[in-house]
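Trainee: Here it is: the structure, laid out below.
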Amino acid sequence: MGIAALLPGLHRLRHYDRAWLRGDVLGGVTVAAYLVPQCMAYAELAGVQPVAGLWAIIPALALYALIGSSPQLSAGPESTTAVMTATAVAPLAAADPASYPALAAMLAILVGGVCVLARLFRLGFLADLLSRPILVGYMAGVAVIMVVSQLGKLTGVPVEGDDPLEEVRSFLGSLGEADPATVVLAALVLAFLFAVAHWRPRWPGPLLAVLLSTAAVVVFDLTARGVAVVGDIPAGIPVPGLPGVDGGEIVSLLAPALGIALVGYSDNVLTARAFAARNGYTVDANQELLALGAANAGSGLMQGFPVSSSGSRTVLGDAMGTRSQLFSLVAAAAVVVVLLFFRPVLAEFPSAALGAIVVYAAVRLVDIAGFRRLFSFRPTEFALALATTVGVLVFDILYGVLVAIALSVLELLARVARPPSAVLGRVPGLAGLHDVADWEGAVTVPGLVVFRYDAPLFFANAENLRTQVVGVLDAQDARVEWLVLNVEATVEIDATAADALDGLCDELDRRGVRLGLARMKQDLRDQLARTGLLERIGADMIFPTLPTALEAFARRAPGR
């Protein structure tokens with residue numbers, strides 16, 4: 001395996017285009033200013049010390065920058081995996097609270113191992129089940145979760161709850177406790193961000209918002225007016241090492257590690273593919289498994305906790321024009337610098353401004369144009385996107401995506417089980433054979449029915465093929481001597497389809513009609529030979545093209 005395949009990020013950095021530098025540096029600084037307080041909050045959510053969020057982000061950013069296949073994805077702590085970490089570790093640490101950090105770190109290492117193992121078995125193909133409607137709906141659902149999660153920071157209202165609906169209820173019930181200064185500051189930051197995006201899109205709006213709001217806190221002493229700030233940031237960087245966890249605890253963490261890996265990978269690939277679709281590049285699903293595994297292992301060795309990727313940080317970087325993972329390296333370097341030298345600066349960063357930046361990023365995640373395009377293309381795909389959004393909100397990210405995948409597969413089966421079909425005939429002045437229902441003046445050859453079935457033949461539609469063929473034969477005015485199936489869409493068949501074809505042969509025998517197959521691929525020929533159907537149909541009724549079938553019919557039925 002070459003360096004470009006194993007370390008695509010490193011390969012991209014070695015062939016760096018200097019025109020990307022401005023966007024990558026601004027994006028890295030902006031993301032760093034955003035992720036420091038965010039990752040500290042996620043660490044508290046996971047049940048560990050806030051500084052563990054900063055310890056986790058450094059290896060995650062650096063390793064993903066080298067191994068990940070997306071030039072824009074921002075790896076690191078994320079809310080869902082943080083909540084799952086707390087759920088998994090808290091019962092194990094109940095008897096010994098001091099073991100909590102070590103258990104969280106070991107859980108991250110196990111999540112990394114699960115992802116690497118999945119990469120060895122090349123299970124990244126599972127990401128192919130995530131269709132465009134799922135991507136659009138997923139991002140909208142994540143955006144709603146992001147907005148709801150910031151209601152408390154935007155208003156100063158205490159918000160509680162385990163899901164978005166409970167958080168909204170808690171928020172509405174405590175609106176009377178809103179802090180006016182916090183609300184005004186958040187509104188001004190939001191207005192500033194959207195104004196810059198509209199009138200000065202090339203300006204680093206989020207970065208300017210961070211600097212201006214921090215300056216406002218200091219100049220106007222907003223903390224005395226009730227505006228909350230990030231506060232002190234602990235110093236120091238730990239020495240990498242394995243956490244002290246015994247074998248029994250490791251076994252207990254295996255099942256949660258599998259669940260977190262599934263959630264983290266779903267989030268990782270969905271976010272990466274969404275931005276890849278927006279910006280015209282591709283991501284490697286198997287490589288993402290390896291990158292996510294390395295990021296989690298690195299986080300665990302640095303006394304962190306399980307990580308995934310952040311849609312909000314990714315969209316912030318995208319808004320600043322990031323083009324490569326240099327922005328992640330810049331962000332990681334900025335975190336190191338902050339931990340060592342500039343902690344007092346971020347201590348004055350107002351939480352309301354952080355919430356406003358999150359809301360701004362969330363709004364950019366909702367692809368209204370994508371929803372409209374899906375609705376105009378096929379209403380069922382629009383409904384699938386909405387179902388994904390609702391599923392993410394109601395069932396959480398993993399189960400919401402699984403529900404959407406199940407609906408997507410069912411919708412596909414419904415279309416393949418009842419596919420379009422056509423009787424083919426000649427159109428005056430037009431070469432070839434065409435659907436007689438689509439062309440006025442199209443005529444069929446008397447005594448011959450050429451039938452096209454527009455789907456692979458398998459258990460879900462085998463009986464439908466027989467029903468449609470019988471219906472076509474019954475609808476003919478003249479006696480049918482030959483029925484030629486155009487099987488170009490049938491690459492292979494299963495046992496159910498083979499039995500259905502055998503039953504169709506019986507039906508045609510009773511009617512005195514010969515069955516022919518045209519445009520058959522070699523794999524299908526081999527399967528029909530093994531079932532005995534090829535011998536039953538007869539080698540003289542197998543045609544490489546439709547014109548050869550017409551010629552054979554003309555030779556065997558002179559004058560037609």
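Any read-out appearing in this document is the output of simple, stated calculations on the displayed coordinates, not a laboratory observation. Small disclaimer: the values here were computed from a predicted structure and weren't measured. All Cβ positions, even for glycine, are placed from backbone atoms using ideal geometry, and neighbour counts span all protein chains on display.
Trainee: Could you tell me how far the Cα centroid of the range 201-256 sits from the Cα centroid of the range 397-425, in Å?
Mentor: 44
Trainee: Tell me, in nm to one decimal, what length is gained between Arg22 and Asp502 on full extension, where the rule is 0.36 nm per residue of separation less the Cα-Cα distance?
Mentor: Computed gain between Arg22 and Asp502 is 166.1 nm.
Trainee: Now a separate question. Apply the Karplus parameterisation 6.51 cos²θ - 1.76 cosθ + 1.60, with θ equal to phi minus 60°, to every residue of the range 111-119 and state each ³J(HN,Hα) to the nearest whole Hz, in sequence, with x for glycine and proline.
Mentor: Each residue of the range 111-119 in turn: 4, x, x, 4, 5, 5, 4, 4, 5 Hz.
Trainee: In whole Hz, what ³J(HN,Hα) sequence does the range 261-275 give by Karplus (6.51, -1.76, 1.60; θ = phi - 60°), x for Gly and Pro?
Mentor: Once rounded to whole Hz, the list reads 4, 5, 5, x, 5, 4, 4, 4, 6, 4, 5, 4, 5, 4, 6.
Trainee: Neighbour counts of other C-beta atoms within 10 Å: give me Lys521, Lys153 arranged from fewest to most.
Mentor: Lys521, Lys153
Trainee: When 1/r is averaged over all different Cα pairs and the result inverted, which Kirkwood radius in Å belongs to the range 464-512?
Mentor: 11.9
Trainee: Which order do peptides 135-144, 472-481 fall in by mean Cβ count within 10 Å, highest first?
Mentor: So the peptides 135-144, 472-481, ranked by packing, come out 135-144, 472-481.
Trainee: Taking a virtual spin label 7 Å from the Cα of Val168 along the C-beta vector, which residues in the range 342-375 bring their backbone nitrogen under 11 Å of it?
Mentor: None, by backbone N distance to the label point.
Trainee: For a quick check: sort Ser170, Ser376, Ser69 by the number of other beta carbons within 10 angstrom, fewest at the front.
Mentor: Taking fewest neighbouring Cβ atoms as first place, the list is Ser376, Ser170, Ser69.
Trainee: I need the calculated FRET efficiency for the pair Ala277 and Leu126, taking r as the beta carbon distance and R₀ as 22 Å, to the nearest 0.05.
Mentor: Result of the calculation: an efficiency of 0.75.
Trainee: Once R0 is set to 51 Å, what does the formula 1/(1 + (r/R0)^6) return for the Cβ-Cβ distance between Asp540 and Ala417, expressed as a FRET efficiency to the nearest 0.05?
Mentor: Here the calculated transfer efficiency is 0.95.
Trainee: Separate question: Distance between the C-alpha centers of the range 488-560 and the range 313-391? Whole Å please.
Mentor: Going from one Cα centre to the other spans 56 Å.
Trainee: In sequence order, what are the phi-derived ³J(HN,Hα) couplings for the range 331-341 according to the Karplus relation 6.51 cos²θ - 1.76 cosθ + 1.60 with θ = phi - 60°, rounded to whole Hz, with x for glycine and proline?
Mentor: With the stated coefficients, the range 331-341 comes to 4, 5, 5, 5, 5, 4, 4, 4, 4, 8, 10 Hz.
Trainee: Next question. Test of understanding: what is the full-extension gain from Leu211 to Asp474, defined as 0.36 nm times their sequence separation minus their Cα-Cα distance?
Mentor: Taking 0.36 nm per residue and subtracting the Cα distance, the gain is 86.9 nm.
Trainee: So what's the convex hull volume per residue for the Cα atoms of the range 419-556, in Å³?
Mentor: Enclosed volume per residue, from the Cα hull, is 102 Å³.
Trainee: Further question: Efficiency by 1/(1 + (r/R0)^6): what FRET value for Ala489 and Ala178, r their Cβ-Cβ distance, R0 = 51 Å, to the nearest 0.05?
Mentor: Taking R0 as 51 Å, the efficiency between Ala489 and Ala178 is 0.25.
Trainee: For the chain, what is the mean residue ellipticity at 222 nm derived from helices alone (per DSSP H run of n ≥ 4: -39500 (n - 2.57); sum divided by total residues; nearest 500 deg cm²/dmol)?
Mentor: Dividing the helical sum by the residues of the chain leaves -21000 deg cm²/dmol.
Trainee: Using only the C-alpha atoms of the chain, find the volume of their convex hull and express it per residue in Å³.
Mentor: Residue-normalised Cα hull volume stands at 212 Å³.
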